[in-house]
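Rule-based calculations on the coordinates, nothing more; no lab input. Remember, it's a predicted structure, so these values are computed and weren't measured experimentally. Quick reminder, even Gly has a Cβ in these numbers, built from the backbone with ideal geometry, and neighbours come from all protein chains shown.
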Amino acid sequence: MVKKVKHEINTWKSPPRHCKDLLVSGDNVSGVRQIHHFPNRPYFRVNAYCEQTIDGEGWTVVQRRSNDSNRERFYRTFKEYQLGFADTGGEFWLGLDPIHALTPTGLHELRIDLEDYDGEQGFAKYGYLRVEGPPFYYLGAKLSYGAWWYHNCYDSNLNGHQYNFASTAVDEIRWNAWDGHDSLRRTSMMVHPAY
């Protein structure tokens, strides 16, 4: 009896912490999955969108904006940004707490995909990401100034207002380094372990 219990303990697999775990286990189809983002707390879980086809990397999508008829309002309270909001099958923000749990060390990559109203696409990739938890306010700044991490000026605003056309309004979805000051049509932010 003792041998049997020991064998069952040795063969038990821990639940997936992120989408890369799912990809490694053979789940290579993109879609909404349940991940257990807090280590050593198997009952803490969140629905996340797994992007399994880009670079074959197993990305966990933490934010997505798309040009569809069901636009999500991204000007929210800090609490909503902390916990996450909207449907992970559409436009959503995963939540600062889950993102913090997914990136406990700096050994994570961030990929940001962008598309403008002319159909041009691009992406930015960063090799070091760590999202701090309270009391450090996550990315180093309070969100009390709006739905992004800025105050008086900014170079990007992926949580801005989504216009149905190419706009130059100051509250639009924007990534200045890639497409100047024109509004973007679609964006997504994804993370995965770099190891």
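What does the highest-first list of 54-65, 112-123, 16-27 look like by mean Cβ count within 10 Å?
The most tightly packed comes first, giving 54-65, 16-27, 112-123.
May I ask you to list the residues of region 82-105 whose amide nitrogen lies under 18 Å from a point 7 Å from Cα along the Cα→beta-carbon direction of Tyr195?
Answer for this model: 100-105.
Can you give the net charge of the other residues whose Cβ lies under 11 Å from the Cβ of Pro104, counting K and R as +1 and D and E as -1?
+1
Around Val62, which amide H atoms from residues at least 5 apart in sequence, or from another chain, sit under 5 Å from its own amide H, with H modelled in the peptide plane?
Placed amide hydrogens put Met189, Met190, Val191 under 5 Å from Val62.
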